[in-house]
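The values are calculated or read from the model by the stated rules, or taken from the named source; none is laboratory data. Please read all numbers here as calculations on a predicted model, not as lab measurements. Because the Cβ atoms are built from the backbone with ideal geometry, glycine has one as well, and the counts that use them run over all protein chains shown. Each accessible area value is taken on the protein alone, full model and side chains, heavy atoms only, with ligands, DNA and RNA left out. Shrake-Rupley method; radii C 1.70, N 1.55, O 1.52, S 1.80 Å.
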Amino acid sequence: MVGTENGGLNYFDSYSGTFKKYPFNPHQEKLSYNNIHALYKDKEGNLWVGTFSGGLNVINLNTGKIKRYTSNAGDPTSLSSNSVYTITEDRSGNIWVGTVKGLNIYNKEKDAFTRVTGMDLQNSCIYEVYEDVPGNIWVATYENGIVCRKAGTSDWIKYSTQNSAISSNRVISLHDDGVGNLWLGTDGGGLNKFDIRSQKFTSFMGRTGMASVVFGVLQDKSGRLWLSTNDGILKFSEKPFTILSFANSGNFNNRLYNYNAYYSGSDGRMLMGGINGFSTFYPSQLKLVPDENNLVLTNFKLFNNEVSFNDKESPLSESPGFAKAITLAHNQSVVSFEYAALNYKDPDRIRYAYKMDGFDDNWNMVGTQRNATYTNLPPGSYTFQVKTDVYGNWNESITAINVTVRPPFYRTTLAYIFYIILIGVGIWLLKNYFKRREQSKNAIKLERMKAQKEHEFYQQKIDFFTTMAHEIRTPLSLIMAPLEKLLAIENKSETVQQLNVMEQNTQRLLTLVNQLLDFRRIESDIYTIKKSGLSWFLISTLCIRGFHRSHLKKVSNLICQPR
């Protein structure tokens, strides 16, 4: 059965591809209104038909009779509104009817409705009601978020933008993936995932390829989600994250789909309704063939100025669309590439990504942006690459151009060779400098050691002479004393004369010994040398007296001559 807006109820024969409009037989009653928003077949085989402003119609498919339920302001057991948007049955047999104003539970025994209150549900527009495996009832509302009644209780919990991370309060579709997640399609907030265990929302709004309005969510046998949206049918996978779009791919007749118009059959076939009828497909058989890559580089700029390959100093040798390589100087630091995919069928859906291989680690996903700018590229070899995505499927064919940035003269190979030679010469000079300095230090040490040795040797000589002087002085003193006594007692002139000579030479020898000792004291800074005048005659007389003729028999004469 297919419900339409203003086209009534239709039966679709999938084998023949033909339609029949209700009533199918003359004995069947007509519906209260032909604008249908909800369909549900209960356990007894009755077809519940929710209409816009026409109330609820329950068709007995065997007899063709219709039982109608409408809203009555004076009757609280009637429907809360004549515009019915969703009908579902829980495992307890309760039939939930959502309207543009309030949620109702059908009581079969009383053939009446109970209006659900709390969490402002009585004033909410209800788009879908779902019972999960534990028995929790989930209610998708328009402008009031999602409301849940815990299993076995009458307590309701509301999740909205005021108390959670849901992207929009306008929830229009629900899907349980069977692994603990509830997927929510919203009007204006794209797709949301609600982890029932952690009670956390994840929004996919703003992700590349995601539509803002998700009318329906279905799941195929491989676990991927299929979304009917305001921008075509999307194939969604969270891990790894991919969104493939089938809008205007030639597979479907709709780009704008509709509320509550999605269904998955037991054989895996999916049906999604839109403003141009409905689409039916098997997900496993649906293939997306990307268009042939017609992506070209349309322009190249330096410092935001266009570069013509006709200029003599241009880095381009031909048009950017045909050029295979570009060579830039080191100071040409701001470069821009412009590119475009020559796809005229659906240009607004083209998404671009670019990458400077050798500089960028990852692709830059830039959406519909058709230019790329780089500043201060280091010297080196790169490859600028750009690719397109039209239906959420990135084209494997990549448009590329090689980019070489020459280094400045001080970073060329010749410059590095010069630096190496310069460093080598510097090391050699430093090595020689330190070597000479070490040699100089060693020479100074040797000189000091030599002087020290000489000083020590000199000291040893002085010490020796001093010791010997002391040793000589003692016997001389012992000789002097008897001589002085002999001179005092001797009366003979000749003897006295000889004793005087002996006394004079002994005194002279003693004086020389004393002078030697005085020299030692002078070196020790005990005495200070002072100049004094002497009589040459006195000195010579003293010298002559020391030579008595009895001791100098061989000397014939003595001449004193000044020098």
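In the complete set of protein chains, residue-level accessible area for SER237 is approximately 20 Å², probe 1.4 angstrom. Estimated at the nearest 10 Å², the accessible area of TRP394 is 70 Å² with a 1.4 Å probe.
Provide MET210, MET449 ordered by accessible surface of protein heavy atoms (probe 1.4 Å), highest first. Write out the running numbers ahead of the final one.
Numbers: MET210 25, MET449 115 Å².
These residues rank, largest area first, as MET449, MET210.
For region 232-332, the list of trypsin sites (Lys or Arg not before Pro) that fall in a loop by DSSP and count at most 10 other C-beta atoms within 10 angstrom reads LYS287, LYS312, LYS324.
This model, with +1 at the C-beta of Lys and Arg and -1 at the C-beta of Asp and Glu, gives the chain a dipole about its Cα centre of some 3460 debye.
Could you please state how large a percent of the accessible area of region 413-473 is carbon and sulfur, counting protein chains only and using a 1.4 Å probe? Please list the in-between numbers first.
Values: 3770 of 5570 Å².
Roughly 68 percent of what the probe reaches on region 413-473 is carbon or sulfur.
Accessible area per residue for the chain, computed on protein heavy atoms with a 1.4 Å probe, is 60 Å².
Determine the shape class of region 42-147: with a ≥ b ≥ c the square roots of the Cα gyration tensor eigenvalues, call it rounded for a/c under 1.5, and otherwise prolate if a/b is greater than b/c, oblate otherwise.
Working: a/c = 1.73, a/b = 1.25, b/c = 1.39.
Since a/c reaches 1.5 but b/c is at least a/b, the shape of region 42-147 is classed as oblate.
Against the chain, whose longest principal axis comes from its Cα atoms, helix 536-545 is set at around 60 degrees. The solvent-accessible area of THR242, taken with every protein chain present and a 1.4 Å probe, is close to 60 Å².
Helix 413-489 and the longest principal axis of the C-alpha atoms of the chain enclose an angle of approximately 30°. Can you give me the angle between helix 493-523 and the longest principal axis of the chain, using Cα atoms only, in degrees from 0 to 90, rounded to the nearest 10? For 493-523 against the chain, the angle is about 10 degrees. When volume of the Cα convex hull per residue in Å³ is calculated for this entry, the matching label among (1) 412; (2) 175; (3) 197 is (1).
Between the listed residues GLN452, SER167, ASN395, the Cα displaced farthest toward the positive end of the dipole of the chain, a dipole computed from Cβ unit charges relative to the Cα centre, is found at GLN452.
Show me the GluC sites (Glu not before Pro) within region 210-311 that DSSP assigns to loop and that have at most 14 other Cβ atoms within 10 Å of their Cβ.
Details: sites: GLU238, GLU292, GLU306; in loops: GLU238, GLU292.
For GluC sites (Glu not before Pro) across region 210-311 that sit outside H, G, I, E and B with at most 14 neighbouring Cβ atoms in 10 Å, the list reads GLU292.
Residues LYS41, LYS461, sorted by accessible area with the largest first, give LYS41, LYS461 [1.4 Å probe; ligands and nucleic acids excluded]. With the dipole of the chain worked out from charges on the C-beta (+1 for Lys and Arg, -1 for Asp and Glu) around the Cα centre, which of VAL501, THR4, VAL366 lies farthest toward the positive end? Positive-end residue among those listed: VAL501.
Of the listed residues THR88, THR413, the order by accessible area with a 1.4 Å probe, largest first, is THR413, THR88.
Please sort by residue number the GluC sites (Glu not before Pro) in region 66-137 whose DSSP state is loop and whose Cβ has at most 15 other Cβ atoms within 10 Å. Intermediate values should be presented prior to the final figure.
Numbers: sites: GLU89, GLU109, GLU128, GLU131; in loops: GLU109.
Those that pass, being in a loop and sparsely packed, are GLU109.
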